[in-house]
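Any read-out appearing in this document is the output of simple, stated calculations on the displayed coordinates, not a laboratory observation. Quick caveat: nothing in here was measured; it's all calculated off a predicted structure. Note that each Cβ is placed from the backbone with ideal geometry, even for glycine, and that neighbours are counted across all protein chains shown.
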Amino acid sequence: MSIEVKNLVKVYGEQRAVNDISFSVSKGEIVGFLGPNGAGKSTTMKILTGYLQATEGSAFICGLNVKENAMQTKSKIGYLPESNPLYYDMYVREYLSFIADVHSVNNKKTAVNNVIELVGLTPESKKKIGQLSKGYKQRVGLAAALIHNPEVLILDEPTTGLDPNQISEIREVIRQQGRDKTVLFSSHILQEVEAVCSRVIIINKGSLVANDTVGNLQTGNKETHYIIVQFGAPVSADILTALTEVNQLHKLSGHQFQLTTKNPEALRRQLMETALQHNLNIVSMHSETQSLETVFKTLTA
């Protein structure tokens, strides 16, 4: 395993920021690390990168104990922290050259040119970092995390401050890197996680509440199913709520409704029978999985 966490605990005074969590991430995996603000995500990432020491438990990078092999593990990690600390008085190329020296990168000039092109910094590469927009500063931080070609990428909110086009570009960079690296990244943009990640880890109040593929999480509640039905003309919601298999009803746009049920097949039959009885025109009817946002809200409420 490229990343392994065993019974990790971090206590600040009386606050248990990380509460006995365990998980692992293999090479070639892109895993989303989710949770509400204050859940313990950044603390866990700082422990993995050696910036903080755990109160209890262990963290391993490429089989090496982070606490016992601090320098070796840091050389294997590309880390973009949430705060993205940068030297604003340095030029972009100057800063990346400095980071390359820190990691003893061979062919430094080539490495700097390659990473600038990779993260889309070319138009701003001759400016001082302090002159850049927030989005381009974020790209500089990502470039610094990638310049030494690390085995493991740990990215804390990597797309903060980026516009939709930039988010799409950085998302593609993360996908490319995930082909031969291990990527653990946190984000509050759940559509981004759905688009990029093969698996999701969710923590809440320091505890692990989910560790599964996005698909399994969305279909994991076998007791809850969603039917989306659209009619050709206005329909009274009372007709639909009277159906015995409907647990909840939400009116969507136009003449469309979302129905929650425990028995989707029985509900479909009831809908067809009701349509015949009341001369209703059903334009479309399909099942829908829970969105990742719904899963997130359920697990962290």
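Would you mind checking 76/134; 6/67; 262/297; 41/181; 251/297 for any pair whose Cα atoms are more than 24 angstrom apart? Before the final figure, lay out the partial values.
Working: 76/134 27 Å; 6/67 13 Å; 262/297 20 Å; 41/181 20 Å; 251/297 20 Å.
The pairs that break the limit, which is 24 Å between Cα atoms, are 76/134.
Between 0 and 90 degrees, rounded to the nearest ten: what's the tilt of helix 134-146 against the longest Cα principal axis of the chain?
That helix lies at roughly 60 degrees to the long axis.
Report the rotationally averaged projected area of the range 3-218 based on its alpha-carbon convex hull, in square nanometres. Present the calculation step by step, with values, prior to reporting the outcome.
On the way: hull surface 46.3 nm².
About 11.6 nm², averaged over all directions.
Hey, can you rank 18-24, 233-239, 252-258 by average C-beta count inside 10 Å, highest first?
On the way: 18-24: 18.1, 233-239: 11.4, 252-258: 13.3.
Ranking, from highest mean packing down: 18-24, 252-258, 233-239.
Rounded, prolate or oblate, given the Cα gyration tensor of the range 219-300, with a/c below 1.5 counting as rounded? Numbers along the way, then the final one.
On the way: a/c = 2.28, a/b = 1.74, b/c = 1.31.
Prolate, because a/c is 1.5 or more and a/b exceeds b/c.
If we sort 98-107, 170-179, 150-159 on the protection proxy, mean other Cβ atoms within 10 Å, highest first, what's the order? Mind dumping the intermediate values first?
Numbers: 98-107: 14.1, 170-179: 16.6, 150-159: 22.3.
In decreasing order of mean packing, 98-107, 170-179, 150-159 become 150-159, 170-179, 98-107.
Rounded to the nearest 5, what is the percent of antiparallel bridges among the DSSP beta bridges in the chain? Numbers along the way, then the final one.
Details: 37 of 54 bridges.
In the chain, DSSP labels about 70 percent of beta bridges as antiparallel.
Against the globular-protein guess of 2.2 N^0.38 Å, express the Cα radius of gyration of the range 245-292 as a ratio, rounded to two decimals. Write out the running numbers ahead of the final one.
Values: Rg = 11.2 Å, N = 48, 2.2 N^0.38 = 9.6 Å.
Compactness ratio reported: 1.17.
Using a 10 Å cut-off on Cβ atoms, rank the peptides 265-272, 10-17, 196-203, 64-71 from the highest mean neighbour count down. Provide the component values of the computation, followed by the final result.
Numbers: 265-272: 16.5, 10-17: 12.9, 196-203: 22.1, 64-71: 14.4.
Going from most to least packed, we get 196-203, 265-272, 64-71, 10-17.
Is there a quick way to get the dipole size of the chain? I mean about its Cα centre, with the Cβ of Lys and Arg at +1 and of Asp and Glu at -1; what is the value in debye to the nearest 20?
For the chain, the charge dipole is close to 680 debye.
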